[in-house]
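Asker: A single structure is presented below for examination.
Please treat every number below as a calculation from the coordinates, not as lab data. Only a predicted model underlies this, so the values are computations on that prediction, with no experimental measurement involved. Because the Cβ atoms are built from the backbone with ideal geometry, glycine has one as well, and the counts that use them run over all protein chains shown.
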Amino acid sequence: MGRFIPAPARAIWWRALTAARKWAQAPAGYLPVGEDHLRLLRDGREVFPAMLAAIAGARDEICVEMYWIGADAVGERFRNALVERANAGVRVRVIYDSLGSWSLPSYWWTPLIEAGGEVVEFGPVAPWRRHFRLGRVRFRDHRKVLVVDGEVAFTGGINLAWPWLPREEGGQGWRDDAVEIRGPTARQLRTLFYDTWWRVGGAMTYEGAHARPNPASRVFVLANMVYGKPDRTIRRAYLVALKRARRTVDIASAYFLPGPVFLHALRAARRRGVRVRVLVPERSDVRLADLAAHDILRTLLHDGIEVYAYRGRILHSKTAIVDRRFVTIGSHNLDTLSWRFNLESNVVVDEPAFARIVTDAFEEDLGQAIRLGAEVIRGLPPWIRALAFIAARFRALL
């Protein structure tokens, strides 16, 4: 029958058939994108059970790279899950940031180490700790990554700590995003983990080849490096997306403290007729950052950019959608610390179907927010506006 169908029509028919097969083979709740299957996860309510299930199913290896692991119910739940797998013979390796996980006592990892797990501390801030370097204290590992068997990976803005626990379970229910990846892109996050593992003194054994990005893929990992000259890959990707934007830009940012170059790109997009919407927390966990953001938001409002303040819970997301196609989700904040001093990881997805899922979630968040007008900023007491102006000038230090 195929020879009676014109070649262009056969090509379209074959692509449609291939896509249908991928959809049919996709696990429930996952979107097929190229060779990967993706799932958007919102808040600790969805992320924690999915991560724990992946850990419980590990057969060979678990890699955890985390900024904040709490000495609390969430941290203990994950540590105990790792101990169980280590006792079952699974290779378990953990990198945790010394500053982010400041509350962890020195003995906290003992059960995992005794079970055969390996743990290394990134950037010790205590002078008596091994690998302490005074000149590198400002550099932090801000990533939130879990990779299981090189096949399943998670990354986003969610730490393993109680603020992300739902309120009914005793947490604060912070609003945040993460992506679960099943497929070859998961191995890129594994490679990223080992690049850090070696540099911070982890065992030099490495099972499996380094995964290289596939140029034809529509899912790929971007990472910031702080060794040698700072690598601002994620920042460049943001700027390229903004400069190419033609219809819409939607950004959810926990700490909206971008520099002049980013602000110029955002305002230029609006002047081209792009609809720009920025969602920020009404109140974050860093009050000085909120103060500095007031002055920046005043500038955006003057240019016709829509600004919304998320209410009720703390917004911790780091998510952007451009032209309902390009999506980035990860640990990278729009501030100087992320651009210059932190190890970060973001997943970028170039797929309209996935962008629709993330946009729907963004719209849901807007339903929990209030739109800010210029009168809101003008209505602040003069002394608050003065402090906001000063704080914004020094936002590179926040």
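Asker: Of Asn87, Gly156, Gly123, whose Cα points farthest to the positive end of the dipole of the range 34-199 (charges on the beta-carbon: +1 Lys, Arg; -1 Asp, Glu; origin at the Cα centre)?
Answerer: Towards the positive end, the residue furthest out is Gly123.
Asker: Next question, about the same structure. The range 222-285: which chymotrypsin sites (Phe, Trp or Tyr not before Pro) are DSSP loop and have at most 14 other beta-carbon atoms within 10 angstrom? Let's see the in-between values first.
Answerer: Details: sites: Tyr227, Tyr238, Tyr255, Phe256, Phe262; in loops: Tyr227, Tyr255, Phe256.
The qualifying sites are Tyr227.
Asker: Just order 156-163, 182-189, 361-368 by mean Cβ neighbour count inside 10 Å, highest at the front, would you? Before the final figure, lay out each step's value.
Answerer: Values: 156-163: 24.4, 182-189: 22.5, 361-368: 14.6.
Descending mean neighbour count gives 156-163, 182-189, 361-368.
Asker: For the range 33-120, which semi-axes, largest first and in whole Å, follow from the square roots of 5 times the eigenvalues of its Cα gyration tensor? Don't jump to the answer; show the numbers that get you there.
Answerer: Values: eigenvalues 99, 59, 28 Å².
Largest first, the range 33-120 gives 22, 17, 12 Å.
Asker: Which part of the range 344-360 falls in the paramagnetic zone of Thr233, meaning amide N under 17 Å from the point 7 Å along Cα-to-beta-carbon?
Answerer: Residues passing the 17 Å test: 344-350.
Asker: Checking the a/c ratio against 1.5 first, then a/b against b/c, what shape does the Cα gyration tensor give for the range 34-199? Each step should come with its number before you reach the end.
Answerer: Details: a/c = 1.38, a/b = 1.22, b/c = 1.13.
Rounded, because the longest to shortest axis ratio a/c is under 1.5.
Asker: Also, quick follow-up: Which value in nm describes the separation of the simple spin-label points at Asn214 and Glu363, placed 7 Å from the Cα toward the beta carbon?
Answerer: 3.1 nm
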